[in-house]
Amino acid sequence: MRYILGLVGAVFSVVLLISFFSNVSTYWSSPPPKTAEEEFHLHPKHLSLASDGPLGKFDKQQLQRGFQVYKEVCSACHSLSQVAFHNLEGLGYTEAEIKAIANQWPTEVPSVNPETGEPATRKALPSDRFPAPYANDTAARAANNNALPPDLSLMTKARHGGAAYVYSLLTGYRNQPAELLKEFPAAKTPQGLHYNPYFANLNLAMPPPLTSEGQVVYAPGNPKPTVDQMAKDVAAFLVWTAEPNLPNRHATGIAVAVFLLFATVLARLAFLNIRNQKKATLVRETGVLEPENQAKSKRAKRKAGIDG
Amino acid sequence: MSFAWAKPYEPKAPLMRWLDERLPLPRLVYGAVGGGYPVPRNLNYWWNFGILAGLFLTIQIVTGIVLAMWYYASVDGAFNSVEHIMRDVNGGWALRYIHMNGASFFFIVTYIHIFRGLYYGSYKAPRELVWMLGLVIYLLMMATAFMGYVLPWGQMSYWGAQVITGFFSAFPLVGEPIRVWLLGGFAPDQAALTRFFSLHYLLPFVIAAVVILHIWALHIPGSSNPTGVDVKDEKDTLPFHPYYTAKDGWFAAGFLLVFSLFVYFLPNYLGHPDNYIPANPLATPAHIVPEWYFWPFYAILRAFTVDFILPAKLWGVLAMFSSILILFFLPWLDKSPVRSGNYRPVFKRFFWLLVIDVLILGYCGGAPATPLYVGLSQLAAAYYFAHFLIILPLVSAFERPLPLPDSITSAVLHHETEQGPAGTLATGRAAAE
């Protein structure tokens, strides 16, 4: 039995080593060609938001600005299917304001004509989710050079880097570097795509959405709407759409951690109490002349050379 | 129960006497985790992880039952029902994050529990069945976790299901029909999702049943201990309650604190962002990776790249299944009569090599399949098989163990871990012969 198993182990190991050496020799004889993505793809820039860290909360002023950017720029192509108008309460809008926002939303909600039963549309209500800009994926692709604009509700949770990635992507558009074209002439950005080093394959179907300062006009008292500021604001807004319960989660977490810390300390003290009783019993059972039992403290034990 | 000096249950309150005479439930609890179960007095903190695994199984079952009240197992509705739980259900986000991270922590404590067993020789006679039942639990956990990960019907759910059920198609002739039969279709779809949900709800209760067998089998010889020396008399043991209930209690509270930091402050750290994208059968993710707890096995699967007699994929699948199945033979592969790694200098070195090896496999399994990571996992996988099937039997045949302490009590008093006063003590080898 052990010999059979030993043989099985030897077979697996040998096949693995054969695989290893063929892997090494392939690598040696024809190393995989370098790709433009490997060399020119960038990790997201640093972005700090009010919602970061264990005590992070949302900056509602910033979320409102971010919502404004979504409404005036992103919503032309991107849906926000998980969020309802009434959720905007979390941004500090009043009920009347939300009603007005829903009522004036450019896309209407699909419905049924109550008289004819024909498909129709109606104005959005606070209870509705944000209506999608296109009737379906095919329509979205048809309008966007066959690229499908993704839903933005969960965007900051669905990409490595989260909000920092969104911010970097929005501010990362640039001309293709000359070094890239020199090294990889075949990697020239194709017609209809846009070079962006923060995007995984460097070329993105979305044209730069935020192009000039003042593209969105912020209410007085807000920072200047530079491209950088608008990108930050909309990234913060998308953190909220992905997880509106985030401040609640942080607050609960602090309470839970404090409770558990307290419980741990109390339980630990109770345990030490029991352990000391058990030690006393052991001393009685084994006799006080045991050197271990005579040493009263850790220091005494070290001196007596008991605790190696 | 295990030892002659285990105290029988004596009900104090009249109500308990009344109950005990009719249904000896209090007696059962007392004998299992009360004063009626004598435990070696020298257990260290590595022995706390069995109870923690039980705790996480309970957390998973409780949160899972509530989540199932809101979850909707449909390819069109599953993803949105999970988001509904996260956004609109009272405390739903907490339930889901606890369940999601609870799965990871269940695996963390189980892995520590398994490696504790490997180091201290807990799989050796007379505890072979305890070990094997534990492996059955582990296999059931893997099946349950895999099917649970499919339920949110995100991109990784879908493509993970595609890849993992694809293992079966590696087998010639019968493989593809088996895969289609398991999925209820040619690709993961409504039939697969509904049956995975059904089984994901069923298997935790099967796990609970096997846990009972695991504990039952454990309570016959009693717990092992860090010296690996058998219990000789009453002085070597303590009643489980109150000493070990208190020790398990404070440690569990501390461990839950660590767990809660993940749940409330890093809930998505152990997950993959692609699972927040709804499943799309037409768009394959750039890197399909399973959850982190499967990474070592995923690395072994991908390590076979050469069609040597059999196709590489079949080698990979066979090796991956074998990597767990060989653990069932461990009690007979490691013949050394000394249980604890503390007294086995050669074994100890190979044990730590194995730990590093599995960590490397885990890292490579989560990394993209570049030549570097594949090469590294090829070497690491070769060591994994050599360790259990070749090195361990040889070490147990040729190693000269250190002298064992006379008894658990004398080990406690003299702190004999590395070398005891050799004069009076027989070596483990001599003791066995």
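Restricting attention to the stretch A:199-215, the residues that are buried (at least 19 other Cβ atoms within 10 Å of the Cβ) and out of contact with any strand residue (DSSP E or B) (no Cβ under 9 Å at 6 or more places or on another chain) total 3.
Checked against the criterion of being within 26 Å of A:A84 (Cα to Cα), crowded, with 19+ Cβ neighbours inside 10 Å, under 28 Å from the mean Cα position of the chain (by Cα) and more than 12 Å from chain A (Cβ to nearest Cβ), the candidates B:A73, B:A103, B:A94 yield just one match: B:A73.
If you scan the stretch A:19-58, which residues turn out to be farther than 30 Å from A:E179 by Cα and assigned by TED's automatic domain parsing to the domain that holds A:F199? Of everything in the stretch A:19-58, those that are farther than 30 Å from A:E179 by Cα and assigned by TED's automatic domain parsing to the domain that holds A:F199 turn out to be A:S48, A:L49, A:A50, A:S51, A:D52, A:G53, A:P54, A:L55, A:G56, A:K57, A:F58. Restricting the stretch B:292-346 to residues that are of a type in the set (S, T, Y) and farther than 30 Å from B:P368 by Cα leaves a set whose member that is surrounded by the most Cβ atoms within 10 Å (Cβ to Cβ) is B:Y343.
Is at least one residue of the stretch A:58-73 open to solvent by less than 70 Å² (accessible area, probe 1.4 Å), in a helix (DSSP H, G or I) and either of a type in the set (A, V, I, L, M) or touching a Cys at 6+ places or on another chain (Cβ under 9 Å) (or both)? Scanning the stretch A:58-73, I find at least one residue that is open to solvent by less than 70 Å² (accessible area, probe 1.4 Å), in a helix (DSSP H, G or I) and either of a type in the set (A, V, I, L, M) or touching a Cys at 6+ places or on another chain (Cβ under 9 Å) (or both), so the answer is yes.
Select from the stretch A:152-184 the residues that are outside any loop (DSSP other than H, G, I, E, B) and under 13 Å from A:L42 (Cβ atoms) and list them in ascending order. Let's see the steps before the verdict.
Keep residues of the stretch A:152-184 that are outside any loop (DSSP other than H, G, I, E, B), which gives A:162-171, A:178-183.
Once the filter is applied, which keeps residues that are outside any loop (DSSP other than H, G, I, E, B) and under 13 Å from A:L42 (Cβ atoms), the stretch A:152-184 yields A:A164, A:Y165, A:Y167, A:S168, A:L169, A:T171, A:L180.
The residue list A:H43, A:H78 contains one member that is touching a helix residue (DSSP H, G or I) at 6+ places or on another chain (Cβ under 9 Å), more than 24 Å from B:M86 (Cβ to Cβ) and in contact (Cβ under 8 Å) with a residue 60 or more places away in the chain, which is A:H43. Residues in the stretch B:264-305 that are part of a helix (DSSP H, G or I) and either of a type in the set (K, R) or within 10 Å of chain A (Cβ to nearest Cβ) (or both): B:Y264, B:F265, B:P273, B:D274, B:N275, B:Y276, B:I300, B:R302, B:A303. In the list A:E118, A:E108, A:E89, which residue meets the criterion of being of a type in the set (D, E), within 22 Å of A:F237 (Cβ to Cβ) and not assigned by TED's automatic domain parsing to the domain that holds A:L47? Selected residue: A:E89, the only one of A:E118, A:E108, A:E89 that is of a type in the set (D, E), within 22 Å of A:F237 (Cβ to Cβ) and not assigned by TED's automatic domain parsing to the domain that holds A:L47.
Of all the numbered requirements in (1) more than 14 Å from every other protein chain (Cβ to nearest Cβ); (2) modelled with pLDDT under 95, A:N201 misses one, and that requirement is (1). Filter the stretch A:1-25 down to residues that are open to solvent by 70 Å² or more (accessible area, probe 1.4 Å) and part of a helix (DSSP H, G or I) and give me whichever is nearest to the other protein chains (Cβ to nearest Cβ). Result: A:R2. The one condition from (1) in contact (Cβ under 8 Å) with a residue 40 or more places away in the chain; (2) open to solvent by 20 Å² or more (accessible area, probe 1.4 Å) that B:G222 does not meet is (2).
Report the residue count in the stretch B:360-395 for those that are small (G, A, S), more than 10 Å from chain A (Cβ to nearest Cβ) and assigned to a helix (DSSP H, G or I).
Quick first cut of the stretch B:360-395, residues small (G, A, S) only: B:362, B:365-367, B:369, B:375, B:377, B:380-382, B:386.
Checking the rest, the ones that are also more than 10 Å from chain A (Cβ to nearest Cβ) come to B:362, B:365-367, B:369.
Of the ones still in play, those that are also assigned to a helix (DSSP H, G or I) are B:362, B:365-366.
The number of residues fulfilling the criteria is 3.
Look through B:V62, B:V109, B:V33 and report the one residue that is open to solvent by 60 Å² or more (accessible area, probe 1.4 Å) and closer than 22 Å to B:M142 by Cα. Don't jump to the end; show me each part of the working.
Numbers: B:V109 fails: open to solvent by 60 Å² or more (accessible area, probe 1.4 Å); B:V33 fails: closer than 22 Å to B:M142 by Cα.
Unique residue meeting the criteria: B:V62.
In the stretch A:76-97, the residue that is most open to solvent (accessible area, probe 1.4 Å) out of those that are within 26 Å of B:F79 (Cβ to Cβ) and among the hydrophobic types (A, V, I, L, M, F, W, C) is A:A76. Among the conditions (1) open to solvent by 30 Å² or more (accessible area, probe 1.4 Å); (2) more than 13 Å from chain A (Cβ to nearest Cβ); (3) not charged (D, E, K, R), B:I207 misses just one, which is (1). Kindly establish whether A:P44 is open to solvent by 40 Å² or more (accessible area, probe 1.4 Å) and away from every other protein chain (no Cβ under 11 Å). Yes, satisfied.
Listed here are the residues, each with its yes/no results for (1) open to solvent by 20 Å² or more (accessible area, probe 1.4 Å); (2) basic (K, R); (3) closer than 13 Å to B:V229 by Cα; (4) modelled with pLDDT of 95 or more.
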| position | (1), (2), (3), (4) |
| --- | --- |
| B:A381 | no, no, no, yes |
| B:H387 | no, no, no, yes |
| B:D406 | yes, no, yes, no |
| B:S410 | yes, no, yes, no |
| B:G420 | no, no, no, no |
| B:A430 | yes, no, no, no |
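For the stretch A:27-41, filtered to residues that are under 18 Å from B:Y373 (Cβ atoms) and assigned to a helix (DSSP H, G or I), the residue that is nearest to the other protein chains (Cβ to nearest Cβ) is A:Y27.
Give me a count of the residues in the stretch A:123-137 that are surrounded by fewer than 14 Cβ atoms within 10 Å (Cβ to Cβ) and at pLDDT 95 or above. Outline the logic, then answer.
Restricting attention to the stretch A:123-137, the residues satisfying the condition of being surrounded by fewer than 14 Cβ atoms within 10 Å (Cβ to Cβ) are A:123, A:127, A:135-137.
Retained after the next criterion (residues that are at pLDDT 95 or above): A:123, A:127.
Summing the residues that are surrounded by fewer than 14 Cβ atoms within 10 Å (Cβ to Cβ) and at pLDDT 95 or above in the stretch A:123-137 gives 2.
From the list A:K182, A:K157, A:K188, A:K123, the lone residue that is within 14 Å of chain B (Cβ to nearest Cβ) and either closer than 26 Å to A:S51 by Cα or without any contact (Cβ under 8 Å) to a residue 24 or more places away in the chain (or both) is A:K157.
The rows are residues; the columns are (1) touching a helix residue (DSSP H, G or I) at 6+ places or on another chain (Cβ under 6 Å); (2) among the hydrophobic types (A, V, I, L, M, F, W, C).
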site	(1), (2)
B:L23	no, yes
B:V29	no, yes
B:G36	yes, no
B:N42	yes, no
B:A78	no, yes
B:S81	no, no
B:N90	no, no
B:W93	yes, yes
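I'd like to verify a number: residues in the stretch A:86-107 that are more than 14 Å from chain B (Cβ to nearest Cβ), touching a Ser or Thr at 6+ places or on another chain (Cβ under 9 Å) and at pLDDT 95 or above, how many?
Restricting attention to the stretch A:86-107, the residues satisfying the condition of being more than 14 Å from chain B (Cβ to nearest Cβ) are A:91-107.
Now drop any that are not touching a Ser or Thr at 6+ places or on another chain (Cβ under 9 Å), which leaves A:102, A:105-107.
The next check asks that each one be at pLDDT 95 or above; those that pass are A:102, A:105.
Result for the stretch A:86-107: 2.
The single condition from (1) among the small types (G, A, S); (2) more than 10 Å from chain B (Cβ to nearest Cβ); (3) within 18 Å of A:L88 (Cα to Cα) that A:A242 fails is (2). Among the residues of the stretch A:218-227, is there at least one that is part of a helix (DSSP H, G or I) and either within 10 Å of chain B (Cβ to nearest Cβ) or open to solvent by 40 Å² or more (accessible area, probe 1.4 Å) (or both)? No - not one qualifying residue is present in the stretch A:218-227.
The values are calculated or read from the model by the stated rules, or taken from the named source; none is laboratory data. Everything numeric in this text was worked out from a predicted model, so none of it was measured. Please note: Cβ atoms are built from the backbone with ideal geometry, for glycine as well, and neighbour counts cover all protein chains shown. Ligands, DNA and RNA are stripped out before the accessible areas are found, and what is left, the full protein with its side chains, is counted by its heavy atoms. Shrake-Rupley method; radii C 1.70, N 1.55, O 1.52, S 1.80 Å.
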